[in-house]
Amino acid sequence: MQLQFDINRSLKANPPKYGKGIKFIERKVGKLSELRVVDSNGISLQPREKNLEYEQRNISHSFRVNGVLYDREVMVAELCPDGIEELISGFGRKYGFEDLGVDTYFWDVVEFESPYWKAVWKRRLNATKDHIAQGKPNTEGTFIKGLVEMKSNNSFDSTDDDAIRNALFDMSNGQLDDSQTEKLLKKFRKSNSKHIGINAFNKVDANAAARKLGFPTSGY
């Protein structure tokens, strides 16, 4: 399927508007196959819970019926140090294009100021409206995934509750209320201790660790 689009029309209808921690480079046309979507181990770079994007695969129907809706948010890719562009948002659209046999489209190329802001924008960008204006909000699991990513690359102090609250604020673009933020903080703490040298485990992980060590998990 050939999908007709006008990148200049896109720039006029939806000019690039970003914020702190991200730098817009250009809006370009390219081959979707050239976008990096997995890491060096073949693991998907999808920043959200995968079931969200699988549910969005019917997006291909919208493209068949409506073509390109230029007022919707565009796909975004990061220009990496190795010169390859890594998909940040638009995984659902890429899946839809694959279903349609579309191999060429446009996206914004950006750079991030730090690993922290990359983790933030990977969630914030994916919380916007999709092609058919039925964007699914980020789930709790997606926010927790972001916090784990930040911890793994030492983007913030994972022992500081306020740092976690700030990260949740940034990832949600301020859309989480206090009760939601505290709920997510509590969930994160179940597997991520605030005390150095102490590992936190939820029930499933604790039982798995006990079995591995040969310890009983019940019967006391």
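The values are calculated or read from the model by the stated rules, or taken from the named source; none is laboratory data. All of these numbers come straight from a predicted model, not from anything done at the bench. Every residue, glycine among them, receives a Cβ derived from its backbone with ideal geometry; neighbour counts consider all protein chains shown. For accessibility, only protein heavy atoms count, side chains too; no ligands or nucleic acids. Shrake-Rupley method; radii C 1.70, N 1.55, O 1.52, S 1.80 Å.
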Legend entry - Contour excess over end-to-end distance, with Cα ends at Lys187 and Thr159 and 0.36 nm allotted per residue: 8.7 nm
Inset, instruction - Would you rank Asp161, Asp82 by solvent-accessible area, highest first, keeping every protein chain in place and using a 1.4 Å probe? - result: Asp82, Asp161
Legend entry - Glu149, Glu34, Glu111, reordered so the largest accessible area comes first (probe 1.4 Å): Glu34, Glu111, Glu149
Legend entry - Most to least accessible of Asp178, Asp99 (protein chains only, probe 1.4 Å): Asp178, Asp99
Inset, instruction - Could you list which residues have their amide H under 5 Å from that of Ile22, counting only those 5 or more apart in sequence or on another chain, with H placed in the peptide plane? - result: Glu113
Inset, instruction - Just grab the label-to-label distance for Asp39 and Cys80, each label 7 Å out from Cα along the Cβ direction, in nm (one decimal). - result: 1.1
Legend entry - Virtual spin-label span in nm between Lys31 and Gln4, 7 Å along Cα→Cβ: 2.5
Inset, instruction - Please give the solvent-accessible surface of Asp162 in Å², to the nearest 10, using a probe radius of 1.4 Å with every protein chain present. - result: 90
Legend entry - Solvent-accessible surface (1.4 angstrom probe) belonging to Lys183, in square angstrom, nearest 10: 100
Legend entry - Residue-by-residue Karplus 3J(HN,Hα) for segment 109-116, coefficients 6.51, -1.76, 1.60, Hz, glycine and proline x: 9, 9, 10, 10, 6, 6, x, 4
Inset, instruction - Using θ = phi - 60° and the Karplus relation 6.51 cos²θ - 1.76 cosθ + 1.60, list the HN-Hα couplings for segment 167-176 in order, rounded to whole Hz, with x at every Gly or Pro. - result: 5, 5, 4, 5, 5, 8, 6, x, 8, 7
Inset, instruction - List, in order, the whole-Hz ³J(HN,Hα) value for each residue of segment 12-21 obtained from phi through the Karplus relation with A = 6.51, B = -1.76, C = 1.60 and θ = phi - 60°; use x for Gly and Pro. - result: 6, 6, 9, x, x, 9, 10, x, 4, x
